[in-house]
1. Considering only protein heavy atoms and a probe of 1.4 Å, how much of the accessible area of the stretch 78-128 is carbon and sulfur, as a whole percent?
2. Using a probe radius of 1.4 Å on heavy atoms only, what accessible surface per residue do you get for the chain? Whole Å² is fine.
3. If you take the beta carbon distance between E120 and I21 as r and set R0 to 41 Å, what does 1/(1 + (r/R0)^6) give as a FRET efficiency, to the nearest 0.05?
4. For Q85 and F46, FRET efficiency with R0 = 25 Å and r from the beta-carbon atoms, rounded to 0.05?
5. Based on the alpha-carbon gyration tensor of the stretch 68-115 and its eigenvalue square roots a ≥ b ≥ c, which shape applies: rounded if a/c is under 1.5, prolate if not and a/b is larger than b/c, or oblate?
6. Using only Cα atoms and rounding to the nearest 10 degrees, what angle (0 to 90) does helix 13-24 make with the longest principal axis of the chain?
7. Using 0.36 nm times the number of residues separating E33 and D96, minus their current alpha carbon distance, what extension gain do you get?
8. If you stretched the chain out fully between L73 and Y111, how much longer would it get, using 0.36 nm times the residue separation minus the C-alpha to C-alpha distance?
Amino acid sequence: MKIEHLAIYAEDLERLRAFYIRYFGCECGPRYENKSKNFTSYFLGFGDGSARIEIMHVPGLIAGNNSDKCLGLAHFALSVGSKAQVDALTERLRADGYTILSAPRTTGDGYYESAVADPEGNYVEITQ
């Protein structure tokens, strides 16, 4: 298992993007927009296949309002290797009493994933 990406909601997406490119040498993927959800994001990579950073923007978010949509760290994703493993782990977590926040599905940007709340309530994505 490995960490696939960390996600951060940003007030100024382009400023945050420039920071990680300038100071950490990140390579930036294409801008993703979901107009129906008023959502924009970029994936920033390090060129070596290691974990990436997803920076995201939704207008009007505020810091620390204890929701899944506030400025700062939003979630992290763990890659388990396949769609079947996403399905199996999601069902195992459900059977063990954990809260499934999002059932397995293919997202608009092409990920096959589910999401679970860990014991502290953190939003954890499980990706293929």
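The values are calculated or read from the model by the stated rules, or taken from the named source; none is laboratory data. Keep in mind that this is a model prediction, so the values were computed, not measured. Please note: Cβ atoms are built from the backbone with ideal geometry, for glycine as well, and neighbour counts cover all protein chains shown. Please note that ligands, DNA and RNA were not included when accessible areas were found on the heavy atoms of the full protein model with its side chains. Shrake-Rupley method; radii C 1.70, N 1.55, O 1.52, S 1.80 Å.
1. 47
2. Heavy-atom accessible area per residue stands at 60 Å².
3. My answer for the efficiency is 0.85.
4. 0.55
5. oblate
6. It works out to around 90 degrees.
7. 19.1 nm
8. Length gained, L73 through Y111: 11.7 nm.
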